[in-house]
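A.B. asks: Pasting in a structure now, in structure tokens, and then I'll have a few things to ask.
The values are calculated or read from the model by the stated rules, or taken from the named source; none is laboratory data. In this text, all values refer to a predicted model and were calculated from it rather than measured experimentally. FYI the Cβ positions are ideal-geometry reconstructions off the backbone, even for glycines, and counts take in every protein chain you see.
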Amino acid sequence: MNRKEPSARSRLYRIIDKGSFTELFHQRGVVDPLSFPGYKERLQAAQDLSDQSDAVLTGTAQIDGIDCMLILFEPRFIVGSMGVLEGEKVTCAFEYAWVNKLPVITVTGSGSARIQEGTASLLQFAKIAGAAKKHSNEGLLHIAVLSNPMLGGISLSYATTADIIIAEKDHPSAGKALSYGMVDILAYKKETQNILIKLLTCHCKKTNYIRKETT
């Protein structure tokens, strides 16, 4: 893990309107389907390190007055890897966004399936991809921000199926990802919020969305 990579919450607060975040689907617990040796202790250590109960942060917020669903993976929690609990939360977030007609912003790193949970972890990618497809079929927007754009299970699942994919220049593989046509936009972290505002504004005009006043 790159220890310079900001936490999920710090990333969140950089891109949303102040005070607009409402966390959803928060669960405190441990999922250990295989009773993998030492796994519960590693989960506890990850919780202590990241101050998160799991590797994904989900909830609604506003970006320049536009309501969105935010899904951010926590790099300090076992490198933002996907387990059963994370898969359930991301699926619920996409389904909530579909029901409430919200655009989805996902921020992911290079996390893949969590080997300590075996096939149960791997199956989460298919489940999330299905929920993301259902969201897409309604003409709703999904923007993926690759904060560490390497190939991995998350990239093969829903991140690279987004309508618009932003790779951050801070990681050396971002330029190569663009040259291979894997991403649409390159940006530094400090530029991400302004890019999201422009993209969401265009989406609002297309869908006749009435944005809220920001303070």
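A.B. asks: With the condition kept exactly as written, say whether any residue in the range 26-49 is assigned to a strand (DSSP E or B), in contact with an Asp or Glu (Cβ under 8 Å, 6 or more places away or on another chain) and touching a residue at least 12 places away in the same chain (Cβ under 8 Å). Give the steps one after another, and end with the answer.
C.D. replies: From the range 26-49, those assigned to a strand (DSSP E or B) are none; that's our starting set.
No - not one qualifying residue is present in the range 26-49.
A.B. asks: Could you list, in sequence order, all residues of the range 80-91 that are of a type outside the set (A, V, I, L, M), assigned to a helix (DSSP H, G or I) and crowded, with 19+ Cβ neighbours inside 10 Å?
C.D. replies: 80, 86, 87, 89, 91, listed by residue number.
A.B. asks: Would a scan of the range 2-23 turn up a residue that is farther than 14 Å from residue 108 by Cβ, part of a helix (DSSP H, G or I) and of a type in the set (Gly, Ala, Ser)?
C.D. replies: Yes, there is a match, as at least one residue in the range 2-23 is farther than 14 Å from residue 108 by Cβ, part of a helix (DSSP H, G or I) and of a type in the set (Gly, Ala, Ser).
A.B. asks: Quick one: would you say residue 176 is charged (D, E, K, R), modelled with pLDDT under 95, assigned to a helix (DSSP H, G or I) and on the phi < 0 side of the Ramachandran plot? Break it down stepwise before answering.
C.D. replies: On the way: charged (D, E, K, R): yes; modelled with pLDDT under 95: yes; assigned to a helix (DSSP H, G or I): yes; on the phi < 0 side of the Ramachandran plot: yes.
Taking the combined requirement at face value, the residue satisfies it.
A.B. asks: Being farther than 24 Å from residue 132 by Cβ, free of Cβ contacts under 8 Å to residues at least 12 places away in the same chain and touching a strand residue (DSSP E or B) at 6+ places or on another chain (Cβ under 9 Å) is the filter here, so list the residues in the range 158-195 that pass it.
C.D. replies: Within the range 158-195, 175, 191, 194 meet the criteria.
A.B. asks: Which condition breaks for residue 115 when tested against (1) closer than 19 Å to residue 147 by Cα; (2) modelled with pLDDT under 90?
C.D. replies: For residue 115, the failing item is (1).
A.B. asks: I'm trying to understand the selection: among the residues of the range 97-112, which are surrounded by fewer than 23 Cβ atoms within 10 Å (Cβ to Cβ) and either farther than 15 Å from residue 141 by Cβ or more than 15 Å from the chain's Cα centre (by Cα) (or both)?
C.D. replies: Hits for the range 97-112 are 98, 99, 100, 101, 112.
A.B. asks: Write out, first by first residue and then by second, each pair whose Cβ atoms fall under 8 Å of each other, whose residues are 6+ apart or on separate chains, and whose first residue, in the range 65-79, is on the phi > 0 side of the Ramachandran plot and in a strand (DSSP E or B) while the second is of a type in the set (D, E, K, R) and surrounded by fewer than 24 Cβ atoms within 10 Å (Cβ to Cβ).
C.D. replies: Close Cβ pairs satisfying both conditions: none exist.
A.B. asks: Now for a separate question. Out of (1) hydroxyl-bearing (Ser, Thr, Tyr); (2) within 21 Å of residue 15 (Cβ to Cβ); (3) modelled with pLDDT under 95, what's the single condition that is false for residue 58?
C.D. replies: The one condition residue 58 does not meet is (3).
A.B. asks: What number of residues within the range 92-118 satisfy the criterion of being in a helix (DSSP H, G or I) and either in contact (Cβ under 8 Å) with a residue 12 or more places away in the chain or in contact with a strand residue (DSSP E or B) (Cβ under 9 Å, 6 or more places away or on another chain) (or both)?
C.D. replies: Residues in the range 92-118 being in a helix (DSSP H, G or I) and either in contact (Cβ under 8 Å) with a residue 12 or more places away in the chain or in contact with a strand residue (DSSP E or B) (Cβ under 9 Å, 6 or more places away or on another chain) (or both): 10 in total.
A.B. asks: Scanning the range 179-211 for residues that are among the β-branched types (Val, Ile, Thr) and not in a helix (DSSP H, G or I), which turns out modelled with the lowest pLDDT? Working first, answer last.
C.D. replies: Keep residues of the range 179-211 that are among the β-branched types (Val, Ile, Thr), which gives 183, 185, 192, 195, 197, 201, 207, 210.
Retained after the next criterion (residues that are not in a helix (DSSP H, G or I)): 183, 185, 210.
Values: 183: 88, 185: 93, 210: 61.
Out of the qualifying residues, it is 210.
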